[in-house]
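First the structure, in the form of structure tokens, and then the observations on it.
The values are calculated or read from the model by the stated rules, or taken from the named source; none is laboratory data. This is a predicted model, so every value here is computed, not measured. Positions of Cβ are generated from backbone atoms using ideal geometry, with glycine treated the same way; all protein chains shown enter the neighbour counts. Areas reflect the complete protein model, heavy atoms only, side chains present, ligands, DNA and RNA absent. Shrake-Rupley method; radii C 1.70, N 1.55, O 1.52, S 1.80 Å.
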Amino acid sequence: MSHHTPHDRRVSRRETLQLGGALALGLTGLAGCGGGGSSGGGSKGPGVVRVGTWGGDYTAAQRKAYFAPFEAQTGIKVETVESANLNAAAIKAFEATGNFQWDVTDIAAGEYQTAVDHGWLESIDYDVVKAGDKTPERQFKQYGVCAESISDVIVYRSDVFRSGGPRSWADVWDTGAFPGPRLLWKNPYPALEGALLADGVAPQDLYPLDLDRALKRLDAIKDDVAVWFESGSQSQQVIANKNAVLGSMWSGRAAQSRLVDKVPVEISWNQGIYTPSIYVVPKGAPNAVNAMKLIDFMAGAKPLARFAELTFYGPTNLKSLPHIDPATRKLMNTDEANLSVQFERDHAYWARNLDAVTERFTAWLTS
Amino acid sequence: MTRGRLATPLLVAPALAFLAVVLFYPLARTVEQSFTDPTTGLENYRHLFASGVYVRVLLTTLLVSGLVTGICLLLGYPLAYTAATRGGGVRALVLAAVMIPFWTSLLVRTYAWQVILGREGPIASLLDAVGVAAPQLLYNRIGAVVGMVYVMLPFMVLSLYAVMRDVDPSLLRAARSLGAPAGRAFRHVYLPQTLPGVTGGVLLVFVISIGFYVTPALLGGRKEVFIAELIQMNVTETVQWGFASALGVVLLLVTLALLAAYDRLLGAESMFAAGRREGRA
Amino acid sequence: MPGRPDYLALRELTKTFAHRHGTHHAVDGVSLEVAEGEFVSLLGPSGSGKTTTLMMIAGFVAPSAGAIVVDDRSIADVPPHRRNIGVVFQSYALFPKMTVAANVGFPLRMRGVSRARVKEQVTRLLTLVGLEAYADRRPAQLSGGQQQRVALARALVFDPGLLLLDEPMSALDRKLREQLQLEVRRIQRTLNVTTLYVTHDQDEAMLLSDRVAIMDGGRVQQLGTPREVYTAPANRFVAQFLGETNVVPATVVAGDAGSPRATVAGGLVGFAARRATRAGERVELFVRPEQVTLAAAGERALAGRVAQALYLGDTTRYRVRLGDGTLVTAAVANRSDAPRFAAEQQVSLDWEAASARVLD
């Protein structure tokens, strides 16, 4: 599986110096040079755990659903560290410098794959993370635990398409039957996958992606995509302002548009592309033990349900679903009815090919 | 060695040391990394020039930055002139109009433009009301340029204002009394005096613009991908630091080349102000 | 020498500024005529309106009322760049990025004069002001006096009908000023250009001008030759502004209109008046210190005691207290045969009737 580039071998002394120089300015904490082993607990009481988080509403939801009750229950202090880089690259930096900005965070499945390939993650301690209130077959991985998930789904405004909107990616490509400006994520994943699906490729035959075919298909709607959105909130704004009236959004954001912004957005779950988000602990994180305890809490049925209600990201823990109110549950991407018509993205493929594919996609996009 | 001779290097030394640590060393390391990561050699550069996207994006970056700089100059010059030559209320108003956005968060301003330029925004509504078909102003080059000009304008205005303030107002009067109508007086006398401010503003705006990508990404269309965005992607998402370094190095070299060309065109004189009032020996 | 007497005519020229506390008349109905080739100074304290008047003639300030006529043509509607008037500003306003030659040539280039002719004229003017060797220097490389001469050359190179100078010497030291004053006058006479010169320095105005216009409060208080304004001031302001003057309270004694007399602290003195005076009227006599004759006690009409004797090299100024407490200053040239008085010494003094004036 991992015939990856020997990135990890390149972590030399000089690179350490360089990274250290670049990162040292502004990083707090002289916590352990090359600290191995966990120091959760110890002589200072229950201790602390530092969580990497995206900021804004996301962090507020985490605080409410996870951190506050966890602190109350265990006495372990949860410190949030906001960052826009919760990915393999950040973990790489930690491993190289020995300076861990956070002990645990949730990263995208593709990033997980990359981190695993390089051996940058702690194995999950399944004595601490208990199976009782969880759905192990969906959530448990060797180096991470799934919590929430997100899907790239087809959306449209029901007030524009009164007699029904697009039900498949082919429909999204059909500018005759479904005219209007489209929105797509400015990212190779759903654009290329959607293009191939629109061209008639079945989900099980999707990977490895036939890039030429996908880009050719994308040419067909190139000028009909009014917005290639960069952020979730941008996509919500765009669909609300009618700068686009159909296309693809992240499922959580689409649900939010509908339930919170009160925009008449309909989600077509058919051919939705599912990606779980995975909590991981960087190898050698100082508070690894506390991190495991936090993961155990967060992936549990009730806290995850609470989080799902706040953020509209579907829980990977099926035991959470009954705890979510019906109206919201219908718009969860992991609700049985919805999930059954979706398929999961091939994370290993993306982990290996992201660079090259991104480059080709960018080349196509800007031409 | 007299004391004066010795003092200057000593005074400059701390600043140089600071720059050495914060600028020169990381820069040197970045350049080195572009040649050594992931393999030693020119692979990064070969790849950069072989796949057309990077050169194309670089050209787009330079082009749009140049456009933004030009527009900022055209808009900023009269604004700065007004602030510099009028007193009291008018000056305060102009400076406030320029500075207050400057102190507002960048993202807030960018999102504000999304509302204003959007399909259902005030401009489109106004044009609809008059019966004119509203062109698309958002998620294309127009949106990106508008957003960037709005962000960069204060830099240009302040740079110009600082120099204009020191221009002797009697110079223009003298020119007119000597037979120059307003236009020629401006061209022959005032403009040359403000050239250092123009240079400062142009350099500042251009250099910041080419390193910019958030605003054009949020307000522009698919073609408004700037080189900085690709560098960022290579650093944080695809984890190819060597390649990102190579992109950075190319950007730096191109910028230096442009600055050299500018200098050749306008001469070193344009860089430095000719001194405030005439010296009275 | 002077040609037509009203080459430049200002008629009731007025400039008012309105602001919160009312209107301010910066220039209030100024009328005067300058002959062709004449050198007239506008002399007055700050705020007297002299610079504003100049600026209106140059065209930078629009008059609120009145007319400006040059060579029989009203120039009120002519924009500054077409008035053909040379202006030397207080700050010289030399173009810093141009050489001296380029500066001086500027007005000719603006008029579309050929390159060869520009060079010729520039050389001519630079030679006139003695700076032909500095043609390729920048203004910043010149001294203050040299810059001023360049400004002058630049203002004259296009043969303007009128030359205006706005306190051009104010930034220079005394020695330099004296030198340049004579230069300016020499050049002006050589070119015979009608000149209006604004200054607050009396000596300068007296030295340079054919005539002086004393200004105060936006009005011309008196216009006349230096001798006229000095010896026969038209009013109290002029008398006290120019040089020093004694103000002596006196009571008129009945005397024939040809030679009126008054008593001052008990003594009888003569005076000159432009209007009739009544016996018993209280007046003030204005007498210049150099007109006061100081002598030993008893020799002259008024008795007094020396309060202070100031030796100034060429003159000695005595402050003498009269019987009624009035202080009179007498300026006595320090000729070797002049009498000398000491402080506290009893003395006597008087003056020629024609030198003492009654002013209102």
Item checked: Other-chain or far-sequence residues with amide H under 5 Å of C:Ala76's (modelled H) -> C:Ile68
Note to self: Using the Karplus curve 6.51 cos²θ - 1.76 cosθ + 1.60 with θ = phi - 60°, what ³J(HN,Hα) values do you get for each residue of region C:233-247, in whole Hz, with x for Gly and Pro?
What the structure shows: x, 6, 8, 4, 4, 4, 4, 8, 6, 8, x, 10, 9, 8, 10
Check: Could you list, bin by bin from short to long, the percent of Cα-Cα pairs of the protein assembly as shown in 10 Å steps?
Finding: 2, 8, 13, 14, 13, 10, 8, 8, 8, 7, 5, 3, 1, 0
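With a 1.4 Å probe and every protein chain kept in, tell me what percent of the accessible surface of region A:205-267 is carbon plus sulfur.
On the way: 1000 of 2330 Å².
Taking all protein chains in place, region A:205-267 shows 43 percent carbon and sulfur surface.
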Check: Hey, what's chain B come to in accessible area per residue, 1.4 Å probe, Å²?
Finding: 50
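For the interface of C with B, what's the total buried accessible surface in square angstrom, probe 1.4 angstrom, rounded to the nearest hundred? Before the final figure, lay out the partial values.
Values: alone 17450 and 16870 Å², together 31830 Å².
Buried area (both sides, nearest 100 Å²): 2500 Å².
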Item checked: Highest average packing first - C:13-25, B:241-253, A:127-139, Cβ atoms within 10 Å -> B:241-253, A:127-139, C:13-25
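Estimate the FRET efficiency between C:Thr263 and B:Met99 by the formula 1/(1 + (r/R0)^6), using the beta-carbon distance for r and 60 Å for R0, to the nearest 0.05.
Working: r = 74 Å, r/R0 = 1.23.
With a Förster radius of 60 Å, E is 0.25.
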Next item on the list: May I ask you to give the percent of accessible area on region C:160-317 that is carbon plus sulfur, with a probe radius of 1.4 Å?
Entry: 48
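First check a/c for region C:128-231, with a ≥ b ≥ c the square roots of the eigenvalues of its C-alpha gyration tensor; if it is under 1.5, answer rounded, and if not, answer prolate when a/b is larger than b/c or oblate otherwise. Could you put the intermediate results ahead of the total?
On the way: a/c = 2.21, a/b = 1.77, b/c = 1.25.
It comes out prolate by the Cα gyration axes.
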Margin query: How would region A:35-148 be classified by its alpha-carbon gyration tensor: rounded, prolate or oblate, with rounded meaning a/c under 1.5 and the a/b versus b/c comparison settling the rest?
Written below: rounded
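Give me the one-decimal Kirkwood hydrodynamic radius in Å for chain A, with the sum taken over alpha-carbon pairs. Before the final figure, lay out each step's value.
Numbers: mean 1/r = 0.0464 Å⁻¹.
After inverting the mean inverse Cα-Cα distance, the result is 21.5 Å.
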Next item on the list: Choose one of C:Pro339, C:Met169, B:Val205: the residue whose Cα lies farthest towards the positive end of the charge dipole of the protein assembly as shown (beta-carbon charges +1 Lys, Arg; -1 Asp, Glu; about the Cα centre).
Entry: C:Pro339
Checklist line | Principal axis dimensions, largest first and in whole angstrom, of region C:233-360 by Cα | finding: 41, 30, 24
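Percent of Cα-Cα pairs more than 13 Å apart in region C:4-59, please.
Working: 982 of 1540 pairs.
Percentage above 13 Å: 64.
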Check: Roughly how many debye, to the nearest 20, is the charge dipole of the protein assembly as shown about its Cα centre, given +1 on each Lys and Arg Cβ, -1 on each Asp and Glu Cβ, and no other charges?
Finding: 2400
Note to self: Could you check the spin-label model distance between C:Gln345 and B:Arg91? Points 7 Å from the Cα along Cα→Cβ, value in nm.
What the structure shows: 6.0
Checklist line | Radius of gyration and Dmax over the Cα atoms of region C:75-178, both given in Å | finding: 13.5, 41
Check: So for chain B, taking the charge dipole from beta-carbon charges (+1 Lys/Arg, -1 Asp/Glu), which of B:Ala162, B:Met99, B:Pro135 sits furthest toward the positive end?
Finding: B:Ala162
Margin query: Rounded to whole Å, give me the distance from the Cα center of region B:199-273 to that of region C:202-231.
Written below: 66
Next item on the list: Order the following by accessible area, largest value first: A:Trp102, C:Trp351. Probe radius 1.4 Å; ligands, DNA and RNA are ignored.
Entry: C:Trp351, A:Trp102
Check: Roughly how many Å is it from the Cα centre of region A:219-272 to that of region C:283-360, as a whole number?
Finding: 103
Next item on the list: Could you sort out which of A:Lys262/A:Lys319; A:Lys222/A:Lys262; C:Lys97/C:Lys119 sit more than 22 Å apart by Cα distance in this structure?
Entry: A:Lys262/A:Lys319; A:Lys222/A:Lys262
Next item on the list: Give a residue-ordered list of calculated ³J(HN,Hα) values for region A:178-186 (Karplus: 6.51 cos²θ - 1.76 cosθ + 1.60, θ = phi - 60°; whole Hz; x for Gly, Pro).
Entry: 10, x, x, x, 9, 10, 9, 6, 7
Margin query: Is the C-alpha gyration tensor of chain B telling us rounded, prolate or oblate? Criteria: a/c under 1.5 is rounded; beyond that, a/b larger than b/c is prolate, otherwise oblate.
Written below: oblate
Next item on the list: With no solvent and one equal point scatterer placed on each C-alpha of region B:38-117, evaluate the Debye formula and give log10 I(q)/I(0) for q = 0.11, 0.15 Å⁻¹, two decimals.
Entry: -0.57, -0.79
Checklist line | Cβ-placed point charges (K, R +1; D, E -1), dipole of chain C about Cα centre in debye, nearest 20 | finding: 980
Next item on the list: With θ set to phi - 60°, apply the Karplus curve 6.51 cos²θ - 1.76 cosθ + 1.60 along region A:329-345 and write out the HN-Hα couplings as whole Hz, x wherever there is a Gly or Pro.
Entry: 4, 4, 9, 8, 5, 9, 4, 3, 4, 6, 5, 5, 9, 9, 9, 8, 5
Check: For region B:1-134, what is the per residue volume of the convex hull drawn over the alpha-carbon atoms, in cubic angstrom?
Finding: 274
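Counting partner chain Cβ atoms within 10 Å of every residue's Cβ in A:360-367, what's the average?
Values: counts 2, 1, 10, 6, 2, 6, 13, 5.
Mean partner-chain Cβ count within 10 Å for A:360-367: 6.
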Note to self: Could you sort C:Glu12, B:Glu224, A:Glu344 by their accessible area in this structure, using a 1.4 Å probe and putting the largest first?
What the structure shows: C:Glu12, A:Glu344, B:Glu224
Next item on the list: Report, ordered by chain and residue number, the lysines lying within cross-link reach of C:Lys175, taken as a straight Cα distance under 26 Å and ignoring same-chain residues fewer than 8 apart.
Entry: C:Lys50
Check: How much mean residue ellipticity at 222 nm does chain C get from its helices, if each DSSP H run of length 4 or more adds -39500 (n - 2.57) and you divide by all residues, to the nearest 500 deg cm²/dmol?
Finding: -7000 deg cm²/dmol
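Return the calculated 222 nm mean residue ellipticity for chain A, to the nearest 500 deg cm²/dmol, obtained by summing -39500 (n - 2.57) across DSSP H runs with n ≥ 4 and dividing by the residue count. Provide the component values of the computation, followed by the final result.
Details: 16 runs with 145 residues, N = 367.
After summing the helix terms and dividing by the residues of chain A, the value is -11000 deg cm²/dmol.
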Notebook entry, point to check: With every protein chain kept in the model, how would you rank B:Ile208, C:Ile214 by accessible area, 1.4 Å probe, largest at the top?
Noted result: B:Ile208, C:Ile214
Checklist line | In nm, spacing of pseudo-spin labels at A:Thr175 and B:Asp263 (7 Å Cα→C-beta vector) | finding: 4.9
Next item on the list: Taking every Cα atom in region A:279-367, find the radius of gyration and the maximum pairwise distance Dmax, and write them in Å.
Entry: 17.8, 49
Next item on the list: Assuming R0 = 60 Å, can you tell me the calculated FRET efficiency for the pair B:Thr8 and C:Ala76, based on Cβ-Cβ distance, to the nearest 0.05?
Entry: 0.55
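Evaluate E = 1/(1 + (r/R0)^6) for B:Ala133 and A:Thr59, where r is the Cβ-Cβ distance and R0 equals 41 Å; express this FRET efficiency to the nearest 0.05. Display every interim value, and only then the final one.
Values: r = 44 Å, r/R0 = 1.06.
Here the calculated transfer efficiency is 0.40.
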Margin query: Among A:Phe100, B:Tyr54, C:Pro260, whose Cα projects farthest towards the positive end of the dipole of the protein assembly as shown, with charges put on the beta-carbon of Lys, Arg (+1) and Asp, Glu (-1)?
Written below: C:Pro260
Notebook entry, point to check: Taking the Cα atoms of region A:165-232 alone, what are Rg (to one decimal) and Dmax (as a whole number) in Å?
Noted result: 11.5, 31
Note to self: Taking beta carbons within 10 Å but only from partner chains, what does the mean come to for residues C:95-104?
What the structure shows: 4
Next item on the list: Return the subset of A:Lys130/A:Lys186; A:Lys141/A:Lys242; A:Lys242/A:Lys302; A:Lys134/A:Lys283; A:Lys134/A:Lys242 for which the Cα-Cα distance in this structure is over 29 Å, preserving the input order.
Entry: A:Lys130/A:Lys186; A:Lys141/A:Lys242; A:Lys242/A:Lys302; A:Lys134/A:Lys242
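Could you tell me the convex hull volume per residue, in Å³, taken over the Cα atoms of chain C?
On the way: hull volume 67.4 nm³, N = 360.
Per residue, the Cα convex hull of chain C comes to 187 Å³.
As a test of the formula, what do you get for chain B when each DSSP H run with n ≥ 4 contributes -39,500 (n - 2.57) and the sum is divided by the residue count, at 222 nm and rounded to the nearest 500 deg cm²/dmol? Don't jump to the answer; show the numbers that get you there.
Values: 14 runs with 203 residues, N = 281.
Taking each H run of at least 4 residues, the total per residue is -23500 deg cm²/dmol.
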Checklist line | Cα centre as origin, Lys/Arg/Asp/Glu Cβ charges: region A:62-173 dipole, Debye | finding: 460
Next item on the list: Would you kindly find the accessible area of A:Ile324, with a 1.4 Å probe and non-protein molecules such as ligands, DNA and RNA excluded, rounding to the nearest 10 Å²?
Entry: 10
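Summing both sides, how much accessible area is buried between B and A? Use a 1.4 Å probe and give Å² to the nearest 100. Can you show the working numbers first?
Working: alone 16870 and 16190 Å², together 29780 Å².
In total, this chain pair buries about 3300 Å².
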